[in-house]
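What follows is a single structure, written as C-alpha cells, with notes after it.
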Amino acid sequence: MELQDFKPQSKLVTRTTLIEKPRFPVFDAHNHLGEDFGGWDKRPLPELLGLLDSAGITRLVDLDGGWGERILETHLEHFKQAAPDRFLIFGGVDWSQWPEKGEKFPEWAASRLRIQKERGAEGVKIWKILGLQVKDQTGKLVDVDDPRLTPIWETAGELGLPVLIHIADPVAFFDPINETNERWEELGNHPEWAFTSPPFPPFLHILEGLATVVARHSHTTFIGAHVGCYAENLPWVGTLLDRCPNFYVDIAARIGELGRQPYTARRFFLNYADRILFGSDMGPFPEAYRIIYRFLETDNEYFNYNADPIPMQGRWHVDGLYLPNDVLVRIYSLNAEKLFGQTTR
Ligand SMILES: [Zn+2]
C-alpha cells in the first residue's frame, strides 16, 4: 500500500456533538461570493440567502468586490442592493496598474478607494500577492511595508474603510518541499501554492512588513486574515495585538492550525476576545460552517477540521475550544458589529 492510500479510522470512543445552528447569530467577516467560490453573483439570491439562513449567518463580508468598477458594481448590485442588511462588499487595489502609472501609482490607487467607497464598498481587501508578486515600475518586488504605499493605507483610514489583509501563507509553503515539510501532501496537490524561499522572500520578512505597516498607520483598522497571517505562532500574533489597538484578526480557514494547539488557542481566544472576528473563507456552505461551530462551541476531541475525509491542510485532527458564551458572542458577531458599526439582526 502507498502511504497516500492509508486512511486510518480513529477507534477513540469520544463525544460527537453536531451543531446545526450556532449558539448566537453569526457575522461572517471573511468569505467570498465570486467566481472561484461558486459564482454567487450569477446565481439567484434567494438560494444564497437560504443557505446562509440555514447556517445561522446573518451578515457576510464578501471580499470578492475586486478593484475595477465592473465586478464591484456587479457585487454591490447583486448582493448589497438586494439585501442591504445581509452583505458588506469589499473593494481593493489594482496592483497590475503600477508599471503603467509609475510613481503616480500609490496616489492613483488611493483615489480609487475614494471612488469605491462612494459606490458602496465597505472595506479594502489586500490579496497575498503584495510582498510575493507585486512589482513597481522598475520591475522590483514591492515590500509590504514599502513607504510609497502610505497614501493607500492612510486614505483607507481616513475613509473609515477597514483593510482586510492577507499576506504570505502557511509557513511551510516557504520551506523546501521535502520529506520534512508538513504541508508536503497539500503542496503536491497545489504546486502553485509553494513560495519556497529563495527565490521568494523569507516568510518572516513578509510578516515583519505587516507588523510595520499596522504600527505605522495607527488610524487605519487592519484585519489580519487567517489569524493575523501567522496561525502557527499565536504568541507572535498576540504581541502585535498588544502593540497595536488598530489590529484585529479573523480565523478564516485556520481551524486546522488553531485546533492542533487547543490549549494555546483557547488562551488566545480568551485573552483577545475583543479582537477576533469569525470568518470561514469556504463559500457559503452550511457544512463548512458547522465544523467551525463545533470547534468553537464544543469540547469534542480529535475530529476532522475539513469536510473532506482526508483533511486538506495536513493529516491531523483537532480539539474543540468550548468557549464561554461571553467570548463566543463577541467572536460570532459583536466584534464585527462594532468594527463595521452595524447591528446584526
Ligand atoms: Zn479568503
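Values quoted throughout were computed directly from the atomic coordinates according to the rules given, and no laboratory measurement underlies them. Remember, it's a predicted structure, so these values are computed and weren't measured experimentally. Cβ: placed from backbone, ideal geometry, glycine included. Neighbour counts: every protein chain shown.
Summary of computed values
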{"read-out": "Verdict on Gly39 being within 16 Å of the ligand (Cβ to nearest atom) and surrounded by fewer than 16 Cβ atoms within 10 Å (Cβ to Cβ)", "value": "yes"}
{"read-out": "From Glu77, Glu100, Glu107, Glu69, residue being farther than 17 Å from Ala288 by Cα and in contact with a Pro (Cβ under 6 Å, 6 or more places away or on another chain)", "value": "Glu107"}
{"read-out": "Enumeration of residues in the stretch 159-212 that are under 20 Å from Trp236 (Cβ atoms) and acidic (Asp, Glu)", "value": "Asp169, Asp175, Glu182, Glu208"}
{"read-out": "Residues being more than 16 Å from the ligand (Cβ to nearest atom), surrounded by 13 or more Cβ atoms within 10 Å (Cβ to Cβ) and not aromatic (Phe, Trp, Tyr) - total across the stretch 20-36", "value": "5"}
{"read-out": "Every residue from the stretch 261-297 that is of a type outside the set (Ser, Thr, Tyr) and farther than 22 Å from Gly238 by Cβ", "value": "Met282, Gly283, Pro284, Phe285, Pro286, Glu287, Ala288, Arg290, Ile291, Arg294, Glu297"}
{"read-out": "Members of the stretch 207-219 found to be crowded, with 23+ Cβ neighbours inside 10 Å and touching a Phe, Trp or Tyr at 6+ places or on another chain (Cβ under 7 Å), listed by number", "value": "Leu207, Val213, Val214"}
{"read-out": "Single condition Tyr263 does not satisfy, out of (1) touching a residue at least 12 places away in the same chain (Cβ under 8 Å); (2) surrounded by fewer than 22 Cβ atoms within 10 Å (Cβ to Cβ)", "value": "(1)"}
{"read-out": "Residue, nearest to the ligand (Cβ to nearest atom), within the stretch 240-273, restricted to residues that are under 16 Å from Ala225 (Cα atoms) and among the hydroxyl-bearing types (Ser, Thr, Tyr)", "value": "Tyr248"}
{"read-out": "In the stretch 281-314, residue surrounded by the fewest Cβ atoms within 10 Å (Cβ to Cβ) [restricted to those that are more than 16 Å from the ligand (Cβ to nearest atom) and on the phi > 0 side of the Ramachandran plot]", "value": "Tyr302"}
{"read-out": "Within the stretch 63-168, strands (runs of 3 or more DSSP E) holding 2 or more residues that are more than 15 Å from Val213 (Cβ to Cβ) and within 16 Å of the ligand (Cβ to nearest atom)", "value": "87-89"}
